[in-house]
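Since the structure comes first, as structure tokens, the remarks are kept for the end.
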Amino acid sequence: MIQKVSYFWNMLTMLSIVWNSFKMALQELRSNKLRTFLSLFGITIGIFCIIGVLATVDSLQQKVQGDFKSFGTNTVYVDKWEYGKGGGDFPWWKFIKRPTPKYKEIGEIKKRSNTAEAVSFSIRRNTTLEYGDNQLTGINIYGVSEEYDNVLTVNILHGRYISDIEFTQGSPVTVLGFTNAERLFEKPERAIGKTVQIKGKAVAVVGVVKKQGNSIGMWQFDEAAIIPYEFMAGMYVPENNQPLIMVKGKEGLPTAAVIDELQGIMRSLHRLSPRQDDDFALNDISFIAEQTKGLFASINLGGWAIAGLSLIVGAFGVANIMFVTVRERTSQIGLKKAIGARKSTILTEFLLESAFLCLLGGFIGLILVFALTKVLSSILPFPITISLNILTLAISICLIVGVAAGIIPATIAARMDPVVAIRMK
């Protein structure tokens, strides 16, 4: 019973200290508005810089990761070109002579592969899409085979996806990108059942893809149209329209295992001898994600550097406020100690007051960051959000800076001799 009463009393004492420190911080702000504002300005700028940079980079990373997921996880792209290579030393002559991927090869890959979950073929053409008097130019038309939607993420908003029979028969049907459907029919849902023209051929619209937004990479569906490969091959020569084989590995298998098996299969299909080099490329686009990590790390480092300088300036400003506060309240400190206040109580009060001041500066910085996110979200192709982890980091930084800035003044206050302190004015 005595222990419970003691615990309860200690809790009340701590809450009283916290509340008094909070009131003192507000009193300091009211009585010295300009001085306090200028001192906290460094904290505000520091929090604004680091949280603004972290929120922007975090949102961009989420956008990039989402785009890469839409390209297909654990997916290998069989092409004549190696992605991510270029520059003056790139041997174009070597790659341009390579054979392009063939549609018939996907059947052999399916038969021979033990690691592939789905295999699809794709060709792409930049052409014109028409409906009545409306004409859209520069539209990407993707001629794809079955399992395309099993390799990549194709989210259907209205209607349906192309059926297996339509793929096999090469039926004149299409799934339109959201933006194309909106431009041609004002409301995307109106596109279902309508007939559009692709190279003078009538094509029925069976579905509309969910709006994707600006995407990083080669698969952008908003301003595209998906049609069966067999139908597109009847209009265009496949070899001249960026043919590509996409192989998605089975769940749980590393991409390296899929690549190793594919290399053997492709070498066999191309009848290459052991001494001959590969005349194909097996591309794993995850290398792009790895490259972006370094860029994001550099941006974050720059944000921390700017924020660090601002926080140091802010910490000195808060420390200055606390030194002045200790001097102004010397007699009060003496009275408190004279009636029994402990050193730890005085120390805690001043440290909490310093922390509250830094939290106030950080709160102003967060308000500015929230305003910045609204502006950037309306400009950038992806929304800027502030995650709970980032908010927690902001609060933690303010508390750490507050304690660090107030530790010396608080220690001086806690060590004062009550008799001497009471006599001082």
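Looking only at region 113-144, filter to residues that are over 30 Å from the mean Cα position of the chain (by Cα) and small (Gly, Ala, Ser); which one of those is nearest to residue 237 (Cα to Cα)?
143
So residue 176 passes all but one of these: (1) touching a residue at least 12 places away in the same chain (Cβ under 8 Å); (2) over 30 Å from the mean Cα position of the chain (by Cα). Which condition number does it fail?
Status for residue 176: all satisfied but (2).
Being among the hydrophobic types (A, V, I, L, M, F, W, C) and either under 12 Å from residue 412 (Cα atoms) or part of a helix (DSSP H, G or I) (or both) is the filter here, so list the residues in region 336-352 that pass it.
338, 346, 347, 350, 351, 352, listed by residue number.
Any idea which of (1) under 30 Å from residue 108 (Cα atoms); (2) in a strand (DSSP E or B); (3) open to solvent by 20 Å² or more (accessible area, probe 1.4 Å) is the one residue 267 doesn't satisfy?
The one condition residue 267 does not meet is (2).
Report, by residue number, each residue of region 134-145 that is in a strand (DSSP E or B) and among the small types (Gly, Ala, Ser). First the steps, then the outcome.
Restricting attention to region 134-145, the residues satisfying the condition of being in a strand (DSSP E or B) are 134-144.
Selection gives 138, 143.
Taking the condition of a type in the set (Ser, Thr, Tyr), under 34 Å from the mean Cα position of the chain (by Cα) and at pLDDT 75 or above, does residue 103 pass? So that I can check it myself, show each step before the final result.
Details: of a type in the set (Ser, Thr, Tyr): yes; under 34 Å from the mean Cα position of the chain (by Cα): no; at pLDDT 75 or above: yes.
Against the criterion (of a type in the set (Ser, Thr, Tyr), under 34 Å from the mean Cα position of the chain (by Cα) and at pLDDT 75 or above), residue 103 does not qualify.
When residues of region 107-138 are filtered for being surrounded by fewer than 22 Cβ atoms within 10 Å (Cβ to Cβ) and under 24 Å from residue 177 (Cβ atoms), how many remain?
15
Inspect all residues belonging to region 118-132 and state whether any of them is without any contact (Cβ under 8 Å) to a residue 40 or more places away in the chain and under 30 Å from residue 81 (Cα atoms).
yes
Which residues, counting only those in region 380-389, are of a type in the set (A, V, I, L, M, F, W, C), at pLDDT 80 or above and open to solvent by less than 90 Å² (accessible area, probe 1.4 Å)?
384, 386
Condition first: open to solvent by 60 Å² or more (accessible area, probe 1.4 Å) and farther than 14 Å from residue 44 by Cα. Now tell me which residues in region 349-379 satisfy that.
374, 375, 378, 379, listed by residue number.
Just to verify a result, which residue in region 231-269, among those that are basic (Lys, Arg) and within 17 Å of residue 152 (Cβ to Cβ), is nearest to the chain's Cα centre (by Cα)?
248
Given the criteria more than 29 Å from residue 251 (Cβ to Cβ) and in contact with a helix residue (DSSP H, G or I) (Cβ under 8 Å, 6 or more places away or on another chain), does residue 191 qualify?
yes
Looking at 331, 298, 310, which one is more than 45 Å from the chain's Cα centre (by Cα) and either closer than 18 Å to residue 52 by Cα or modelled with pLDDT of 75 or more (or both)?
Going through 331, 298, 310 in turn, the sole match is 331.
Check residue 87 against each of (1) assigned to a loop (DSSP other than H, G, I, E, B); (2) surrounded by 12 or more Cβ atoms within 10 Å (Cβ to Cβ); (3) at pLDDT below 85 and name the one condition it does not meet.
If we test residue 87 against (1) assigned to a loop (DSSP other than H, G, I, E, B); (2) surrounded by 12 or more Cβ atoms within 10 Å (Cβ to Cβ); (3) at pLDDT below 85, just (2) comes out false.
Applying the selection to region 146-162, what residues are outside any loop (DSSP other than H, G, I, E, B), buried (at least 20 other Cβ atoms within 10 Å of the Cβ) and touching a helix residue (DSSP H, G or I) at 6+ places or on another chain (Cβ under 9 Å)?
Within region 146-162, 148, 158 qualify.
The values are calculated or read from the model by the stated rules, or taken from the named source; none is laboratory data. Just so it is clear, the structure is predicted and the values come from calculations on it, not from any experiment. Ideal geometry is used to build each Cβ from the backbone, glycine not excepted, and the neighbour counts take in all protein chains shown. For accessibility, only protein heavy atoms count, side chains too; no ligands or nucleic acids. Shrake-Rupley method; radii C 1.70, N 1.55, O 1.52, S 1.80 Å.
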